[in-house]
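Have a look at the structure below, then the notes.
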Amino acid sequence: MEEKVNNNGQHSKVDNPFKKGCNPSYVTARSKLQQKRSRLNDDIIKELRLRRGAENLLRATGNKEIKEKVLIELGFVKSKLEVLRGDLAELNSSVKTYQNENSSQSVPMITLGLKETKDTNFQTVFMDYIEEHYSESGSLYSQPIDKLHALRKAIRTPERSEAGIELLITYYNQLGLIQKRFYPPGRSVPVYFTWYDSLTGVHITQKTLGYEKGSVLFNIGALYSQLGTAQDRGSVSGLDKAIDYYQRSAGVLKYLRDRFTHAPSRDMSTDTLTLLIQLMLSQAQECVYERMILNLGPSTKFSDCIVFSQEAAMVASMYEETHNAVSSKSVRNDVPASWLTITIMKSNHYLAMAHYYLASALLTSKELLPSFNEIVEMLEKVTKRDAKSSKHIQYTEDKARQRLYCRSHLNYVISLNETAEKDYSFCRMLRSNDDVFLNVLHTAQENAQTLLDKVSDERDFEDIFVSATPIVPKSTQLVQITVSDFSKFKVEDFFADLGPISVFSAQHEWTSPRTVKLTKDEKNGFGFTIKGDVPSVVIEVEEHSSAQVLRSLLRSYYILSNFLLHAYHPSICLEL
């Protein structure tokens, strides 16, 4: 239920018709997190206003005593802002909250939070525009405007489900109809939209409908990322869904980046969206790797381990690209610091897994190993050995040399995992979430050490003179951006009573109606011919008929019911 003000100024309760996909009263850990984010956004706005007022007073006053007091107050405000932004960054770093309960042993994923918004009032502006442009009483359209308000209110609290996605897309498509009805080209409409930056908490108000549409698109992409993270990655079906959702999230964010340039908020800037697209694709590729491991199980077959190795190398490569994007000067101050740590940790972890599986392949029992020549041929395809480097040794038939080759990869595994553990220990925001990632690193380290113990011998001192040969990244399923088809979500035209939108839009000029009375001739009728369904077009006027007055207006007017309307000349009301 929501409140509506009637014509007598009294409040009455009305049902929100857009309940599906929206549940503002449903309390979950995610909704609590979003509510905290909303409160932090409000607190940040308050402190920003205080800072702006103090800075203005500092510039305006010449009194030394007042200046000193203002400087002290300004210091307090700036400190409070730093604390609030730190709290917001910590909320954005909360990876545990969004994970599936059954994925407690999986490496956690990064999820995007929704942008918050304030209520917007379309009523006065749209009613005035209807009277001015369409020459109808704006009060006749109070119900459609109430519907629009209800829909916008519903998208502020979408469910984390397909129904929530459908609700957001429905509003986005509705905005396309609103733009055609009420936003004439080259003219601004004084309806103001306020949205909070999901990363920095700064609020921005603009009166461009593009800002509203872009913010809704961002939330669609963010909700897709939450759906991906919510899947049970302990099952193949859950991983399939996670891959699809992450790819769809990347698709929506790419559409936003390519279509809505010069965004006013940092979370919608080109560089930030490029980073988020890369992040979503990296997480999708990670799910491809997890699905392969789940399908094949703890296989020790040489061919399987080689495939695992290259798959893990692909994930590592993509997370390295993501880390480089997070590290760039244009975004690193806007995104949570934990993202910097998570992306490099994942890059190191999956690179370690790539080298672990390569070593595992070579240490498969002799009965399962292919011939020596087949192994060498496979290694030439899988690795990038630098022939000029003395540290990149070649795999030979010498058993000691083979053990040294395996140790070079396993030592690299241990080194990478140790680096990842150090990064984890230095990141307070990760430590406060959970130890799942740390447990995964410990398990990987123990497995690598077990293998290393098998190939250790008295000549281990040689290990310092060799290094692991780089592995060529390759995937059996390289993830791609999925473009969602918004057109399949049909929406109701709230303002259909204005007439067909192809004709009665803000792109056409309309003036007040005039009245023309025609007398019907018993023999020839009214004397004019129309074409098409409502609105119809006058295509022919008979000579010497009562409709002769319309001859100069041939093909210039539309008939809607008993109205003859024109797009660029005075309109005529035709009484028949």
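Of all residues in the range 154-184, those being closer than 18 Å to K213 by Cα, outside any loop (DSSP other than H, G, I, E, B) and open to solvent by less than 40 Å² (accessible area, probe 1.4 Å) number 18. The residue that is least open to solvent (accessible area, probe 1.4 Å), counting only those in the range 363-374 that are free of Cβ contacts under 8 Å to residues at least 60 places away in the same chain and not small (G, A, S), is F372. The requirement of being out of contact with any Ser or Thr (no Cβ under 6 Å at 6 or more places or on another chain) and open to solvent by less than 10 Å² (accessible area, probe 1.4 Å) is satisfied by V315. A count restricted to the range 324-371 and to residues that are farther than 24 Å from V413 by Cβ and either not polar (S, T, N, Q) or not in a helix (DSSP H, G or I) (or both) stands at 15.
Remark: pairs (first residue in the range 38-59, assigned to a helix (DSSP H, G or I); second residue acidic (D, E) and open to solvent by 60 Å² or more (accessible area, probe 1.4 Å); Cβ separation under 7 Å; 6+ apart in sequence or on different chains) = L40/D87; A54/E73. The one condition from (1) open to solvent by 30 Å² or more (accessible area, probe 1.4 Å); (2) farther than 30 Å from S282 by Cβ that L151 does not meet is (1). For the range 234-264, the candidate set comprises residues that are over 14 Å from the mean Cα position of the chain (by Cα) and open to solvent by less than 10 Å² (accessible area, probe 1.4 Å); within that set, the residue that is nearest to T482 (Cα to Cα) is I243. Residues of the range 471-493 that are open to solvent by 60 Å² or more (accessible area, probe 1.4 Å), over 27 Å from L351 (Cβ atoms) and part of a loop (DSSP other than H, G, I, E, B): V483, D485, K490, E492. The set of residues in the range 291-323 that are outside any helix (DSSP H, G or I) and at negative phi comprises P298, S299, T300, K301. Of everything listed in (1) part of a helix (DSSP H, G or I); (2) at pLDDT 90 or above, the single unmet condition for L91 is (2).
Determine, yes or no, whether T120 is β-branched (V, I, T), modelled with pLDDT of 90 or more and open to solvent by 70 Å² or more (accessible area, probe 1.4 Å). Show your work before the answer.
Numbers: β-branched (V, I, T): yes; modelled with pLDDT of 90 or more: yes; open to solvent by 70 Å² or more (accessible area, probe 1.4 Å): no.
Taking the combined requirement at face value, the residue does not satisfy it.
Which of the residues that make up the range 265-290 are charged (D, E, K, R) and open to solvent by 50 Å² or more (accessible area, probe 1.4 Å)?
R266, D271, listed by residue number.
Residues checked against (1) among the β-branched types (V, I, T); (2) more than 30 Å from P470 (Cβ to Cβ):
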site	(1), (2)
I220	yes, yes
Q226	no, yes
T229	yes, yes
R233	no, no
S237	no, yes
A242	no, no
L256	no, yes
R259	no, yes
I306	yes, no
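Looking at the range 188-202, is at least one residue more than 26 Å from D43 (Cβ to Cβ), in contact with a Phe, Trp or Tyr (Cβ under 8 Å, 6 or more places away or on another chain) and open to solvent by 30 Å² or more (accessible area, probe 1.4 Å)? No - not one qualifying residue is present in the range 188-202.
The values are calculated or read from the model by the stated rules, or taken from the named source; none is laboratory data. In this text the structure is predicted, and so the values were computed from the model without any measurement. Note that we place each Cβ from the backbone using ideal geometry, even for glycine, and neighbour counts take in every protein chain shown. Accessible surface is based on the protein model in full, side chains and every heavy atom, while ligands, DNA and RNA are left aside. Shrake-Rupley method; radii C 1.70, N 1.55, O 1.52, S 1.80 Å.
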